[in-house]
Amino acid sequence: MPSSDPSPRRAGRPRSAEADAAIMDATREALVEVGWSKLTVGHVAARAGVAKTTLYRRWSNKGELVVHAVAALFDELELPDCGSLQADVECVVLAFADLLQQPGTNASLMAVVAESTHDPALREHIREAIVERQKRLVLQGRERAQARGELPPDAADPHEDAQLVDLIFDVIAGAVVHRTLVSAEPVDAEWAHRFTTLMLHGLSAASTG
């Protein structure tokens, strides 16, 4: 006799979460092995042990799938309270660089960014799923620094304030991505310290160490 309790659907949620994690892992691993051009949704589905329809219900194409796989990694970034604004920025710079240096992150991000140069819809998806979401770290760090008295309050004009958040994010993310993925140079504690000093205190302070 069928049960009238509507709760059985809840039992599938843990398995769905596990399937999502397997899909994300499979997407990044496949990109490392076969590259963007050979990657297919079917390939990812087989590797993750799920049906292709499972993927297509969530993502309409492999571009969206890869963006989601990258975004899932970036969503794990946290801004630890290291005691000061300088230390907080240095900590998140090192964590971000470490994430970018992982093969799965490196291959996935580079591939989807390259593809987005001729796909405006994919570029917009990157902005929404990765860039806008990660600005939470700037907002959190600034709020903490304001509470310590290290930074002034938010600007009275919300538009001006949003532009400042954008600028801070662009400076930090742009420098670390360029250093790690373009220049292929290490982001170590010394570099993170000098970069943060330059950003917070200017060229003269950074020049003196």
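Note on Arg47 and Leu200: the extension gain reaches 50.5 nm, defined as 0.36 nm multiplied by sequence separation minus the Cα-Cα distance. Under 19 Å of direct C-alpha separation, and excluding same-chain neighbours fewer than eight residues apart, Lys62 reaches these lysines: Lys38, Lys52. With the convex hull drawn over the C-alpha atoms of segment 86-146, the volume per residue is 81 Å³.
Could you state the accessible area per residue of the chain in Å², with a 1.4 Å probe and every protein chain left in place? Intermediate results must be reported in sequence, preceding the final value.
On the way: 11930 Å² over 209 residues.
Value returned for the chain: 57 Å² of accessible area per residue.
A simple charge model with +1 on the Cβ of Lys and Arg, -1 on the Cβ of Asp and Glu and nothing else charged puts the dipole of segment 30-102 at about 840 debye relative to its Cα centre.
Placing a pseudo-label 7 Å from each Cα along the Cα-to-Cβ vector at Ser84 and Val131 gives an inter-label distance of 3.3 nm.
Here's the picture: charge each Lys and Arg Cβ at +1 and each Asp and Glu Cβ at -1 in the chain, and of Ala192, Met110, Ile23 the one pushed furthest to the positive end of that dipole is Ile23. Would you compute the Debye intensity of segment 135-187 from its alpha-carbon atoms alone, equal scatterers and no solvent, and pass along log10 I(q)/I(0) at q = 0.16, 0.24, 0.28 Å⁻¹ to two decimals? Here the Debye-derived log intensity ratios amount to -0.56, -0.90, -1.05. Labels on offer are (1) 1.12; (2) 1.08; (3) 1.22, and the one holding Cα Rg over 2.2 N^0.38 Å computed from this structure is (3).
Could you calculate, for segment 110-202, the ratio of the Cα radius of gyration to the Kirkwood radius, expressed as Rg to Rh? Don't jump to the answer; show the numbers that get you there.
On the way: Rg = 15.4 Å, Rh = 15.2 Å.
Rounded to two decimals, Rg/Rh equals 1.02.
Grab the other residues whose beta carbon is less than 11 angstrom from that of Thr40, score K and R as +1, D and E as -1, and report the net. Mind dumping the intermediate values first?
On the way: positive: Lys38, Arg47, Lys52, Lys62; negative: none.
Counting the neighbours of Thr40, the net charge comes to +4.
Can you check what the net charge comes to around Gly141, using other residues whose Cβ is under 14 Å from the Cβ of Gly141 (Lys, Arg +1; Asp, Glu -1)? Taking every other residue near Gly141 into account, the sum is -2.
Would you mind computing Rg(Cα) / (2.2 N^0.38 Å) for segment 58-98, counting N as its residues? Working shown, then result.
On the way: Rg = 14.4 Å, N = 41, 2.2 N^0.38 = 9.0 Å.
Its radius of gyration relative to the 2.2 N^0.38 Å reference: 1.59.
The values are calculated or read from the model by the stated rules, or taken from the named source; none is laboratory data. Not measured: the values here are computed from a predicted model. With ideal geometry, Cβ positions are generated from the backbone for all residues, glycine too; neighbour counts draw on all protein chains shown. Accessible surface areas use protein heavy atoms only, side chains included; no ligands, DNA or RNA. Shrake-Rupley method; radii C 1.70, N 1.55, O 1.52, S 1.80 Å.
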